[in-house]
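Quick notes on the structure that follows.
The values are calculated or read from the model by the stated rules, or taken from the named source; none is laboratory data. Keep in mind that this is a model prediction, so the values were computed, not measured. Note that we place each Cβ from the backbone using ideal geometry, even for glycine, and neighbour counts take in every protein chain shown.
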Amino acid sequence: MEFFFGVLYETPIEKLKMIPDIVREVIGEIEICQVDRVHFYKIGDYSFNFDVVYYVLDPDYSKYMEVQQQINFALKERFEKENIVFAYPTQTVYLNNNNNEVTKSYVINNKVL
């Protein structure tokens with residue numbers, strides 16, 4: 001199985017380097033799973049992106065879904081402990097008013113902050 005996730009640009013390099021090991025540990029703790037690879041593979045539009053591939057050593061789809069849920073919960077828990085934040089879509093908008101002053105706004109979930 002393959003899945004992707006991103007973390008915020010503000011994530012320090014020390015934390016980025018920890019992420020592959022955290023993911024390997026989380027998946028490695030699940031008896032019917034085998035990790036193939038975990039990589040920081042892309043600098044995305046609003047996040048540093050990771051690619052994860054693992055195998056569920058049981059063909060039962062329900063077990064796969066249970067495993068994926070277990071991985072998601074465990075990653076969320078571990079990331080919270082390490083102050084690593086999953087990315088969410090954001091935009092920075094620079095506005096120029098009549099006085100030629102540039103202001104900066106953030107757009108999150110289609111709302112200007």
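Need pairs with beta-carbon distance below 8 Å; first residue farther than 20 Å from PRO89 by Cβ and within region 1-26, second charged (D, E, K, R) and in a strand (DSSP E or B); sequence gap 6+ or separate chains.
Here the result reads GLU2/ASP51, each pair linking region 1-26 to a residue that is charged (D, E, K, R) and in a strand (DSSP E or B).
Conditions (1) modelled with pLDDT under 95; (2) polar (S, T, N, Q); (3) surrounded by 14 or more Cβ atoms within 10 Å (Cβ to Cβ), marked per residue:
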position: GLN70; (1), (2), (3): no, yes, yes
position: LYS81; (1), (2), (3): no, no, no
position: ASN99; (1), (2), (3): yes, yes, no
position: TYR106; (1), (2), (3): yes, no, no
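Could you list, ordered by first residue, the pairs with Cβ atoms under 6 Å in which the first is in region 74-89 and more than 18 Å from GLU14 (Cα to Cα) and the second is part of a helix (DSSP H, G or I), at least 6 apart or interchain?
ALA74/VAL26
Checking the conditions here, which among ASP36, ASP51 is more than 18 Å from LYS81 (Cα to Cα), surrounded by 13 or more Cβ atoms within 10 Å (Cβ to Cβ) and of a type in the set (Asp, Glu)?
After applying the criteria, what remains is ASP51.
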